[in-house]
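Written below as structure tokens is the structure these notes are about.
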Amino acid sequence: MAARYFGLVPAAGSSSRFGTDALKQYSLLAGKPMLHHALERLLAAPEVEIAFVVLVPGDTDFRKHDWSAFGERLAPLYCGGATRRESVLNGIVACASLVDTNDWMLVHDAARPCLGRSELRRLIDEAGRDEVGGILAVPVADTLKRADDERRILATEPREGLWRAQTPQMFRHGMLLRALRESVHATDEAAAVEVLGYKPRLVEGSPRNLKVTFQGDLEIAERLLK
């Protein structure tokens, strides 16, 4: 049987760096919650059958918004954890009855509302032909400085071969489940898979696929969406 494709969007974060009491994933962009845009961009690929959204168990905001545009392709899971890794792992476990171990999971940030169709297409095509899977990423273009505790430059780091990881990150359900269970300190899915000894493929993304982290990023994202 051919492998199927599913999305998984961890949206259980506390938005501690965002600078407001409101949860970042529900901040309005072009009249819709940021999470809505992230899901819309992920589900633009017809291969993605369902996007599972991992929410904190006490989330009361999700139901306040209109998700009807996604129909049955959206499934909320109230099993989020204290960290991204825990939320993704809990989501992978929760959807296991609907997903085969060989199926692809595209894990996408709720705070990346500007994912492009062409980048998503490239990820599915290239990572889907890879035995391990892969992630969207962009080569580092800036000069990198290593600093001391007083924010003085210790060294200039070579940028050759360095990439900035983005999402979606695409791996088989079974591999991702094993990787996240064994990698307690992984900061993203690729790092967990690397711990197993695999080398995920880097698929070139776009700087437009920015992650909204601070309040000022909202204005940039809104301009990109328009």
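Some points to look at:
- Size of the stretch 91-226: Rg and Dmax of its alpha carbons, in Å, are 16.7, 52.
- With the simple model of a label 7 Å out from the Cα in the direction of the Cβ, T187 to E40 spans 3.1 nm.
- Selected from N209, A137, A3, residue furthest toward positive end of dipole (the chain; charges at beta carbon): N209
- In this simple spin-label approximation, E194 and L28 carry label points 7 Å from Cα along the Cα→Cβ vector, and these lie 4.0 nm apart.
- For the stretch 70-205: accessible area per residue (Å², 1.4 Å): 53
- A Förster radius of 35 Å combined with the Cβ-Cβ distance from E160 to E49 puts the calculated FRET efficiency at roughly 0.35.
- The lysine pair count for the chain, using Cα distances under 14 Å and pairs eight or more places apart or on different chains, is 4.
- Overall form of the stretch 15-94 per C-alpha gyration tensor (a/c, 1.5; a/b vs b/c): oblate
- Global dimensions of the stretch 165-226 from alpha-carbon coordinates: Rg and Dmax equal 14.8, 42 Å.
- When the convex hull of its Cα atoms is viewed from all sides, the stretch 1-145 shows a mean projected area of 10.7 nm².
- If the chain linking N102 and H65 were pulled fully straight, counting 0.36 nm for each residue of separation and taking away their Cα-Cα distance, it would gain 10.0 nm.
- Normalised Debye scattering of the stretch 50-130 at q = 0.13, 0.18, 0.24 Å⁻¹ gives log10 I(q)/I(0) of -0.49, -0.94, -1.40, counting only Cα atoms as equal scatterers and leaving out solvent.
- Stretching K145 away from D125 to a fully extended chain increases their span by 3.7 nm, per 0.36 nm per residue minus the current alpha-carbon distance.
- Accessible area of the stretch 107-226 belonging to carbon and sulfur atoms, whole % at 1.4 Å probe: 47
- Applying both filters, DSSP loop and at most 14 other Cβ atoms within 10 Å, to the trypsin sites (Lys or Arg not before Pro) of the stretch 151-182 gives R151, R152, R159.
The values are calculated or read from the model by the stated rules, or taken from the named source; none is laboratory data. Predicted, not measured: the structure shown is a model, and the values here were computed from it. Because the Cβ atoms are built from the backbone with ideal geometry, glycine has one as well, and the counts that use them run over all protein chains shown. These area figures cover heavy atoms from the full protein model, side chains too; ligands, DNA and RNA do not enter into them. Shrake-Rupley method; radii C 1.70, N 1.55, O 1.52, S 1.80 Å.
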